[in-house]
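This report concerns only the one structure given below.
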Amino acid sequence: MQKVSQQQLIDKAVSLLADGTVSCVLGWTKGEFDYDITPALFTDEASLRQGFVWNDFCGANFSKYLVAKTRKCEGKILVFLKPCDTYSFNQLLTEHRFDREKVYAVGIPCEGMADIDKVKAICGDGISSIDCNGEKMAVQTIYEDAPVQVDASSVLAERCINCKSKKHVAYDELMGDEGDVIDSARFDEVAKLEAMTPDERFTFWQNELSRCIRCNACRDACPACTCEVCVFNNPKSGVENKSPANSFEEKMFHIIRAFHVAGRCTDCGECSRVCPQNIPLHLLNRKFIKDMNECYGEYQAGAEVGSRAPLVNYTTDDLEPGEVFNGRDSDA
Amino acid sequence: MSSCEETLIPKVGVITDVRIDTPDIKTFRVVTPDGKKAFDHRPGQCAMLSVPGVGEAMFSITSSPTNEEYMEFSIKKCGCVTEWLHQAEVGQQITIRGPYGNPFPVDDVFAGHNMLFIAGGVGLAPLRSVINYCRHYRDRYGKIDIVYGSRSKEDLLDYKEIIEEWTNDTNVNVHLTIDREQENWDGHVGFVPNYVKELGFSTDCIAVLCGPPIMIKFTLEGLRSLGFEKTQVYTTLELRMKCGVGKCGRCNVGSKYVCKDGPVFRFDELDELPDEY
Amino acid sequence: MRKCSLDALQALFAHVNASMALYLPVDGSDGKAVYQKWSEGARWSHALNTVRSPKDFFFPQTEDLMKFKTAGKSIEIVDVRNAAEDFVIFGVRACDVKSFEILDRVFLTDPVDSFYASRREHGTIVSVACTRPSETCFCGTFGIDAASPAGDVSCWKTETELFWQANTPKGEAFLQLIAPLTEECGNEAVQAQQEKTAAVMKKLPLAELKADAFGGGKTKEFFDRPEWSELSQACLGCGTCTFVCPTCQCYDIKDFNTGNGVIRFRCWDSCMYSEFTKMAHGNSRLSQKERFRQRFMHKLVYYPENNDGLFSCVGCGRCLSKCPISMNIVKVMKKLGGE
């Protein structure tokens, strides 16, 4: 259950539309089931009251939509931002990807988003409704007479289990607390990969990336991937491709992407959320974040607007990575 | 029944002649390595030419099927494959497969009719095949009018053939125009659609149009104002193509595939399709 | 009809695999079902279906078409095709079996795609009836009966047994092959299961979804509908729906320079991609709305127009569960179909 209710958000949106603060609202709209939620633009009270949804399945990070939508929308856009979304929001502002003046950002607290696959692992297929409003999530399937009561914490998405911050780092208005940066175990998985031998690690990634179907969903959902024309779509780049020509190239797509977002990735986890093949792509990015933290000191992309990432901020005090990792990765 | 053994897999072709037509159009003569025509075609059909490592692209076959020695392709430099071809020399091998698409109905619908060909720029390339076919079988057709315009005199494709051959044929009238006045030009100056209206053709003919979309649009309007029905006006379309056999799914306009159901369409047929070409 | 005990399946799989390659859904390392070649110890997945459709078997994500050797101005074209060998795909669901018919109408109509045809000829399809469909299932919308799957052989799995029925000469040959490990039986248990499944299908949330509003000849009716803007507004332009779809078959042909000759290969392509229709001098579909519209118009109007009213969707539900923004053909059909 989320701390701020759907009704509160609708009322907020309606009042901001009514007093002219904003001309449209970027929100989530309901689908066929209670978990298949689609981002949508609302421009009037009736459609908000009819279609706006806020529940444990509103995972989509809206920050990237602002790049395109602020160009099209007359007036300001109201956007609801979860704490992790605000980091992406700031990072996009740092990179001048949209006009801050065209956005009215309302920070909303987040208790973590659910992973429908985890829900299904407990309740099975055939879901006819999910009620997220109680202490527990009530999941009704066509195969059972009564809804199955599920502990929301047991179906949290990976990125929410390893939430790095409940703090809103950007907003015009807050609903609820500003929140705090929290301790997270998000680098534990990375540490496990680091502990592997190079051969084991290669096998791990080989296995994971071999499932890639090159749908580009990770790139298209990534708030750090906002190039007007991606190098992988540009026929003149020489690497433009729709599917890997061989298994070497298969890995290159993800490695190049990980390098390109290094220092800019806020670890929002959208890449892994949208991957239809369940590839833990966030681990590539987290490895970069962990390495940068260890080499150049703690840095969180998007924590503040205008901050310079360590990789683009050379100082004479910078250590060579070899000095930092000396001994630890000598076999790599 | 042909299979992909003959379709997706091409033959080797050799460029035996390169003619510089205009500053950005060259005409390439292609035969197989043993000096034969790669395949037979009908006027208006296309072929896939490719340069291994660079790519494959669809081109209309410019030469008439009545030419039994070789095929010609007039190619404007505008993308990867065409840029590469423009720097190719005689003797260079490429690959070729085809023929693709439906031809102009030269032997049935067109037979016995007066013909009006209207082309702009490189749009003459696909029409040259039909024009020369009609000239070859001259007695099968009535009067032939050709309206052709380009930016400048230098941008007129096949200028030599037009002046030396077409204009000397009996009962073939060639009307050339260029966009702007220039030295060494005492012909008509002005855009094709306006010229067509000025010339004021009677409607007892079949019209065939090819050129840039904007020219097609205004020329069709012009013909309509002269009383032409859409059922007597043909054109040929171009969209992105990969397979040439209606399977790769990219050249469709509505339910029609340009590579298979086109590229030749009658305007009343186009009316039935969504405006997405 | 024949049957065998579920306990005897491993021995049966081994027996089949000894004469031809056997592929079946197994649980992958990510816990999701995936088709894999059977090997000793491989267990048939309990999952309803694989994330990736079995279209790969006939229309793989990537396949080499030919190789070029170039020297100076000359080119040699090298045929790289291997002779296809017989194989069996076991565990195909009714929806996916239907998808092969839809692909056939593209690849096996003149001019026949010999790459596809050869694999199709060598493949035997063993389907398995569904008993616990998901909320995302809507095969019934397209006249598919999940309890009576087609294919060369149809199977029904009960608590303890697997029932086999041949539908084609290829299927007869397969049942011959497994005859020593199966026994002749009646169809009472299968009928009972089919009745139970039919009752479940009626309870599915999408049981009432109809495709009647769509079909050939309706381009004008749907192409300019204003709803396309709203439906496509959140589309990321990724290729997820296309690539998990068992009936999407658009492809690209590309050259790859290996450094030792050029390989021309065919790979899946998506009409959702911005460069799909991009030419040197323009693009016929400039916005995501146009690309989004193309995908659904193709499935619901253009394809049926060219294929005797057959829709290019089998209701497998993969796009429903995999689209990053949860936009899909069901939402499109409901919005445009007037529900």
Scanning the range C:307-339 residue by residue, the ones that are away from chain A (no Cβ under 14 Å) and buried (at least 21 other Cβ atoms within 10 Å of the Cβ) total 4
Expected single match for part of a helix (DSSP H, G or I) and either within 13 Å of chain A (Cβ to nearest Cβ) or in contact with a helix residue (DSSP H, G or I) (Cβ under 8 Å, 6 or more places away or on another chain) (or both) among C:V34, C:V16 is C:V16
Among residues of the range C:19-31 being without any contact (Cβ under 8 Å) to a residue 40 or more places away in the chain and part of a loop (DSSP other than H, G, I, E, B), the residue nearest to the other protein chains (Cβ to nearest Cβ) is C:D30
Of the residues in the range A:143-154, those that are out of contact with any strand residue (DSSP E or B) (no Cβ under 6 Å at 6 or more places or on another chain) and in contact (Cβ under 8 Å) with a residue 24 or more places away in the chain come to A:S153, A:S154
Flagged in the range C:162-187 as closer than 30 Å to A:E144 by Cβ and either of a type in the set (V, I, T) or at pLDDT 95 or above (or both), in numbering order, are C:L162, C:F163
Only one of B:V81, B:V14 is within 10 Å of chain C (Cβ to nearest Cβ), in contact (Cβ under 8 Å) with a residue 60 or more places away in the chain and β-branched (V, I, T), namely B:V14
Of the conditions (1) among the charged types (D, E, K, R); (2) in contact with a Phe, Trp or Tyr (Cβ under 8 Å, 6 or more places away or on another chain); (3) not in a loop (DSSP other than H, G, I, E, B), the single one that C:R52 does not satisfy is (3)
When every residue in the range B:235-264 that is in a strand (DSSP E or B) and either touching a strand residue (DSSP E or B) at 6+ places or on another chain (Cβ under 6 Å) or of a type outside the set (A, V, I, L, M, F, W, C) (or both) is compared, the one nearest to the other protein chains (Cβ to nearest Cβ) is B:N252
Okay, helices (runs of 4 or more DSSP H) sitting entirely in the range C:207-253 with 2 or more residues that are over 17 Å from B:R250 (Cα atoms) and in contact with a Cys (Cβ under 8 Å, 6 or more places away or on another chain), I get C:240-244
Scanning the range A:35-61 for residues that are more than 10 Å from every other protein chain (Cβ to nearest Cβ), of a type in the set (D, E, K, R) and closer than 28 Å to A:C218 by Cβ gives A:D56
Kindly indicate whether C:A11 is more than 25 Å from the chain's Cα centre (by Cα), surrounded by fewer than 19 Cβ atoms within 10 Å (Cβ to Cβ), assigned to a helix (DSSP H, G or I) and not basic (K, R). yes
Cβ pairs under 8 Å, 6+ apart or interchain, first in the range C:301-330 and without any contact (Cβ under 8 Å) to a residue 12 or more places away in the chain and assigned to a loop (DSSP other than H, G, I, E, B), second acidic (D, E) and surrounded by fewer than 24 Cβ atoms within 10 Å (Cβ to Cβ), ordered by first then second residue, are C:S326/A:D36
For the range B:96-136, the count of residues that are touching a strand residue (DSSP E or B) at 6+ places or on another chain (Cβ under 6 Å), closer than 24 Å to B:Y70 by Cβ and polar (S, T, N, Q) equals 1
The lone condition C:S5 fails out of (1) more than 14 Å from chain B (Cβ to nearest Cβ); (2) touching a residue at least 60 places away in the same chain (Cβ under 8 Å); (3) over 22 Å from C:S148 (Cα atoms) is (3)
Among (1) surrounded by fewer than 22 Cβ atoms within 10 Å (Cβ to Cβ); (2) more than 12 Å from chain C (Cβ to nearest Cβ); (3) on the phi > 0 side of the Ramachandran plot, B:G101 falls short only on (1)
The residue that is surrounded by the most Cβ atoms within 10 Å (Cβ to Cβ), considering only those in the range C:260-290 that are without any contact (Cβ under 8 Å) to a residue 60 or more places away in the chain and more than 11 Å from chain B (Cβ to nearest Cβ), is C:M272
Condition set more than 14 Å from chain C (Cβ to nearest Cβ) and not in a strand (DSSP E or B), scope the range A:115-146, selection surrounded by the most Cβ atoms within 10 Å (Cβ to Cβ): answer is A:C132
Quick check on B:F104: is it assigned to a loop (DSSP other than H, G, I, E, B) and under 25 Å from B:F218 (Cα atoms)?
yes
Those helices (runs of 4 or more DSSP H) completely within the range A:155-217 that have 3 or more residues that are touching a residue at least 60 places away in the same chain (Cβ under 8 Å) and farther than 19 Å from A:I289 by Cα are A:198-209
Note on the range C:104-150: residues hydroxyl-bearing (S, T, Y) and in contact with a Ser or Thr (Cβ under 6 Å, 6 or more places away or on another chain) are C:S114, C:S127, C:T131, C:T136
By my count, strands (runs of 3 or more DSSP E) wholly in the range C:56-113 with at least 1 residues that are surrounded by fewer than 14 Cβ atoms within 10 Å (Cβ to Cβ) are C:62-71, C:74-79
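The values are calculated or read from the model by the stated rules, or taken from the named source; none is laboratory data. Not measured: the values here are computed from a predicted model. All Cβ positions, even for glycine, are placed from backbone atoms using ideal geometry, and neighbour counts span all protein chains on display.
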